[in-house]
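The structure appears right after this line, and notes come after that.
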Amino acid sequence: MLTTDFVPGAPNWLDLGTPDVPAASAFYGAVFGWDFQSAGPDAGGYGMFTQDGKTVAAVGPLTEQGVDSAWTLYFHTVDADATAKAVEQAGGTVRVAPFDIFTQGRMGGFTDPAGAQFAVWQPGETRGLDAVTVPNSLCWTELHTTDQAGAKAFYDSVFGWDAEDNPMEGFNYTVVSPSGGGQEAGQGGIMEISDEMLSGGMQPRWQPYFEVTDADAVTAKVSEQGGTVLMPPEDVPGVGRMGLLVDPFGAPFSIITSATA
């Protein structure tokens, strides 16, 4: 379960890279009720998505050539430079070398060996998100990869995550959690991309899940606001009702009404 008690390796930030910040902010405002708050004139258009005055995500313009609109997940680190070295040693790529964001913290961007992008956040004045797990906030992270075994080894080397395999009908789902946290501290999953998904153009990626009170109502709002429904909400026994959606600029995300929420 995600919390704001950010321990090393836990998700502590996420942001959306988009070609149109105002339009994306309007979309997510309509879908989740988020407000947009600019980070200031020196932030290059970057700003926060807030709910009840608490930061639940962030958004900014695309800053890299040739990249698609996407959500990026950040994981807590006490030393971004050391993490960058660990990524390279484990066979990943340093896409954005660690650098300071004013006095707020230090970030770095990476790509794992299968091609999934992720980032790290070394807290300064900003520890991380103000709220997770509550409705309309981040509640889970999920890696879709072409090499599940390789991904487990890579992220264990970089973050020291614990991993527990959960065989399901037709596939294996690996739950990951910070070192020593146990399954109750589960923060995400790793699953292999199926041949059908690959043929449909799916590439390795990290994907956020947002908790919602009514997955069907949120899905309807996504369609109304110009988004795409890739997978309509379905019930997963003991887990909840979840769907896979895409915003108007091509960034995929998932929603879930948790069985225990």
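A short reminder: the numbers here are calculations on the coordinates, not readings from a lab. All of these numbers come straight from a predicted model, not from anything done at the bench. Here the Cβ positions follow ideal geometry from the backbone for every residue, glycine too, while neighbour counts run over all protein chains shown.
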For the chain, which DSSP H helices look membrane-span-like by this rule: Cα extent along the axis of 15 Å or more and mean Kyte-Doolittle of at least 0.0? 21-32, 148-159
Just to be sure I understand the model, the point goes 7 Å from the Cα along the line to the Cβ. What's the resulting Glu88 to Thr3 distance in nm? 3.6
Semi-axes a, b, c in Å (a largest) for segment 118-205, each sqrt of 5 times a Cα gyration tensor eigenvalue, come to 24, 16, 14
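Using Cα pairs closer than 8 Å and at least 6 residues apart in sequence, work out the relative contact order for the chain, in percent.
19
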For the chain, built as a Gaussian network whose Cα springs stay under 10 Å, the top-fluctuating residue of Pro204, Pro167, Pro61: Pro167
Classify segment 4-112 as rounded, prolate or oblate, taking a ≥ b ≥ c as the square roots of the eigenvalues of its Cα gyration tensor: rounded when a/c is under 1.5, otherwise prolate if a/b is larger than b/c and oblate if not. prolate
In terms of the charge dipole of segment 43-177, which places +1 on Lys and Arg and -1 on Asp and Glu at the beta carbon, the residue among Pro167, Gln117, Ala153 farthest towards the positive end is Gln117
If I stretch the segment between Glu234 and Ser194 completely, what's the gain in nm (0.36 nm per residue apart, minus their alpha carbon distance), one decimal? 12.5 nm
Size-normalised alpha-carbon gyration radius of segment 140-261, reference 2.2 N^0.38 Å: 1.10
Would you please state the base-10 log of I(q)/I(0) at q = 0.19, 0.21, 0.23, 0.25 1/Å for segment 56-97, with intensities from the Debye formula using one equal scatterer on every alpha carbon? -0.78, -0.90, -0.99, -1.05
Between Asp100 and Asp156, what is 0.36 nm times their sequence separation minus the Cα-Cα distance? Round to one decimal in nm. 17.6 nm
Please find, in a Gaussian network model of the chain (springs between Cα atoms separated by less than 10 Å), the residue of Gly201, Gly44, Gly128 whose mean-square fluctuation is greatest. Gly201
Within straight cross-link reach of Lys152, meaning Cα distance under 22 Å, which lysines are found once same-chain residues fewer than 8 apart are removed? Lys85
Over the Cα atoms of the chain the radius of gyration and the largest Cα-Cα distance (Dmax), both in Å, equal 17.2, 51
With Cα springs under 10 Å, the Gaussian network model of the chain assigns the largest mean-square fluctuation among Met202, Met191, Met48 to Met202
Asserting the computed 222 nm helical MRE of the chain (DSSP H runs at least 4 long, -39500 (n - 2.57) per run, divided by residue count, to nearest 500) equals -5500 deg cm²/dmol
Using alpha-carbon coordinates alone, the radius of gyration and Dmax of segment 52-169 in Å work out to 15.1, 48
